[in-house]
1. How many residues are open to solvent by less than 20 Å² (accessible area, probe 1.4 Å) and within 14 Å of chain B (Cβ to nearest Cβ) if we restrict to the range A:320-356?
2. Does B:Asp174 qualify as being outside the structural domain of B:Leu98 (by TED's automatic domain parsing), touching a residue at least 40 places away in the same chain (Cβ under 8 Å) and in contact with a His (Cβ under 9 Å, 6 or more places away or on another chain)?
3. Here are some residues: B:Ala107, B:Ala170. Which one is aliphatic (A, V, I, L, M) and at pLDDT below 95?
4. Tally up the residues in the range A:357-386 that are open to solvent by 50 Å² or more (accessible area, probe 1.4 Å) and small (Gly, Ala, Ser), please.
5. Testing B:Ala145 on (1) under 24 Å from B:Arg292 (Cα atoms); (2) at the interface with chain A (Cβ under 10 Å from one of its Cβ atoms); (3) among the small types (Gly, Ala, Ser), one condition comes back false. Which one is that?
6. Have a look at B:Ile82, B:Ile157 and point out the one that is open to solvent by less than 10 Å² (accessible area, probe 1.4 Å) and away from chain A (no Cβ under 14 Å).
7. For the subset of the range A:11-57 comprising residues that are under 15 Å from A:Ser350 (Cα atoms) and among the charged types (D, E, K, R), which member is nearest to the chain's Cα centre (by Cα)?
Amino acid sequence: MTRWQISGGRVIDPAQGIDSVTDLFVAEGRIIALGTAPDGFAPDRVLDVPGQVVCPGLIDLSASLREPGQEHKASIASEAAAAAASGITTLCCPPDTDPVIDTPAVVDLVSHRASAVGLTRVHPLGALTQGLGGERLTEMAALKAAGCAGVTNLLHPIRDTQLLRHAMAYAATFDLTVFLHPDEPWLRATGCIHEGEVSARLGLTGIPEVAETIAVARDLALIEHTRVRAHFCRLSTAAAVRLVAAAQAAGLPVTADTCAHQLHLTELDASDFDSLCHVLPPLRTQRDRDALRSAVADGVLGVICSDHQPHEAEAKLAPLPETEPGISALETLLPLTLRLVDDGVLDLPSALARLTAGPAAVLGSAAGTLAPGQLADICIFDPDRPWQVDTATLRSRGRNTPFAGWEFAQRVTHTLLGGQLVFALDGPG
Amino acid sequence: MSTGLQVDSAGRLRHFLDVAGLKRQQLVEIMDTAESFSEVADRSIKKVPLLRGKTVVNLFFEASTRTRTTFELAAKRLSADILNLDVSTSATTKGESLLDTLRNLEAMHADMFVVRHAESGAAHFVARHAAPHVGVINAGDGCHAHPTQAMLDMFTIRRVKGEFTPLTVAIVGDILHSRVARSQIHALNTLGVRAVRVIAPQTLLPPQIEQLGVEVHHDIHEGVRDADVIITLRLQRERMDGRLLPSKHEYFQLYGLTETNLATAKADAIVMHPGPINRGVELDSGTADGPRSVILQQVTHGIAIRMAVISMVMAAHTGETTE
């Protein structure tokens, strides 16, 4: 295996509180030292990256890979390549596959396909109920043994609160983290954008804020009751963030994330019936967006994820309510997060923590740090290498992004996965 | 928002999708053009040769009788060829996408689509994806907009009342699901009426409706007080199933327009309804057929307004003037 010396970069490792210009040494796929080379170390390759930022490979808590079952949208191979080019070395794929990831066999299928591709680490999330049907528990112990990073029912409703309680209690039995998508199905109903001024004007069915807050409040009560470790996914409202912050302050074992687009877009972006802004949960108000930004800054939201949902073009070519929700988001995860630094929301190490140490903590993973001994999953980006999002050159098979035309200053130049160079912007050199 | 899509750089109407985004002068132009067409109906040969050789496609993804037939008559009086497609029972039920349906019709050299669809934003979608030579008219999209209905209502109000600025207009009923109400609110505010009021129980009002520039009333007696124009909206049968309203009976008791609760309106107030009427639900027969009712005039004016809009949109595509 290649022995690397990554030289002259600004090394930022939020987990260790490191932010300094120094060298990083890699051997046998692991980080072996920071600063000075170990005695007798002779690198096979020196990666000279002055002026660039060297940080742990990014961890994305949610990226739909569409395989198995929806290969007309994307594949593990196509999306893993997009992840590698975006500095993402670990991602969780939700069980929204066909078949659903609700048995060890499907976990194995996804894991084997992902290792064969080898461009990023893929941690499947298992379904909380069989077929995501909300009626019968999955074999969670078996899912955990097969390698599931957690269990979730996504946005598929569990209408029976007793069953939800049992699901949490059962997951707690096996020390599995439950990933909750707070959404009250009766209140969301057929809604497709935020219920507010824009939905009133456009005559679109809105999704009220209470659809999220009622679910968060109910789930928090059940978490307190079952003492399950829970992670709230994709919070979109100021009110939900307040509830989670209060629960964290009270010592409940809860973490939470939002996705990058919620930190930049609002309901107004959908006001021209732009189906590319059709997402679930919906884009909310400016006030909500600002509250999410504050919560990212103060750590109530410890994670920013992509919520990557690649679609074929036809999925977005219909009147907005008939289109499929979601954004192809892997390639904008880092730049949108770094834009928060430009906007003065938080400093660079804190921003990177939301993409590395934060999600690693949720997964209980040793990844997300550059500490010696850890796997050499490394993201290197140039903070001054402007580029423009162009749907024609996205690596993801999904071209469905509302950020086309946006200009970003920072660009990933190299990604290492376990000491292997899996992406180099200017070629392997 | 839709300005760039429906109005070209010269200010001409390339598509007619929404009243929102149009200027007062553009609404007045539509009404003036309709005025010039309204005498065609009095001729022995009710036709002008303006659109000879043009093909207008009525693309109705949702059932409609009145709107479809008035568009058909309007196109025929302009001498266009008209093709009626009831798509709700054909292509899309066979799994063909809206976009494929459009491409097929374009391949038949259609010049204009008149679109009715159950989803808000459908007409915008069609306009955005139609070939550049094709004009699109929104004949009602979901709960969003029904701009020709709103303009025929404005035309009717102007014929009876003359000026808009001194008027107080009350809209009664299911605002939440009404594309007609949304377009009327935009049109009335653009034309500068003194006040637009909406009257309904909270379950039939979208949150933040005030942002559209209306006063909200829950009491019909207060809402119609001193009003010059009272517009009642159709209450769809599926709204009466007990989820939004307890019963048809209680709705009529509280929000049905009758001679009694009209007493607080101005003496010369007019009563309007976009049709079709549920007698004994939105209003009683005495009011629907009474001297204040202009409901049948609305239907007549629908043809002139649709002739105006069809000719203006077609002119924006052929570079000719409407006159």
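1. The total comes to 2.
2. Values: outside the structural domain of B:Leu98 (by TED's automatic domain parsing): yes; touching a residue at least 40 places away in the same chain (Cβ under 8 Å): yes; in contact with a His (Cβ under 9 Å, 6 or more places away or on another chain): no.
So B:Asp174 fails the test.
3. Details: B:Ala170 fails: at pLDDT below 95.
Checking each option against the conditions leaves just B:Ala107.
4. The total comes to 3.
5. B:Ala145 satisfies every listed condition except (1).
6. Working: B:Ile82 fails: open to solvent by less than 10 Å² (accessible area, probe 1.4 Å).
Step by step, each of B:Ile82, B:Ile157 is checked, and only B:Ile157 is open to solvent by less than 10 Å² (accessible area, probe 1.4 Å) and away from chain A (no Cβ under 14 Å).
7. A:Asp13
Yes or no, residue by residue, for (1) assigned by TED's automatic domain parsing to the domain that holds A:Thr323; (2) hydroxyl-bearing (Ser, Thr, Tyr); (3) more than 30 Å from B:Ser183 (Cβ to Cβ):
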| position | (1), (2), (3) |
| --- | --- |
| A:Asn153 | yes, no, yes |
| A:Arg159 | yes, no, yes |
| A:Tyr170 | yes, yes, yes |
| A:Pro182 | yes, no, yes |
| A:Arg188 | yes, no, no |
| A:Gly206 | yes, no, no |
| A:Ile214 | yes, no, yes |
| A:Arg218 | yes, no, yes |
| A:His225 | yes, no, yes |
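The values are calculated or read from the model by the stated rules, or taken from the named source; none is laboratory data. As the structure is a prediction and not an experimental result, all values here were calculated from the model. Cβ sites come from the backbone with ideal geometry, for glycine too, and all protein chains shown count toward neighbours. For the accessible areas, the whole protein counts, side chains as well, though only heavy atoms, and no ligand, DNA or RNA atoms are used. Shrake-Rupley method; radii C 1.70, N 1.55, O 1.52, S 1.80 Å.
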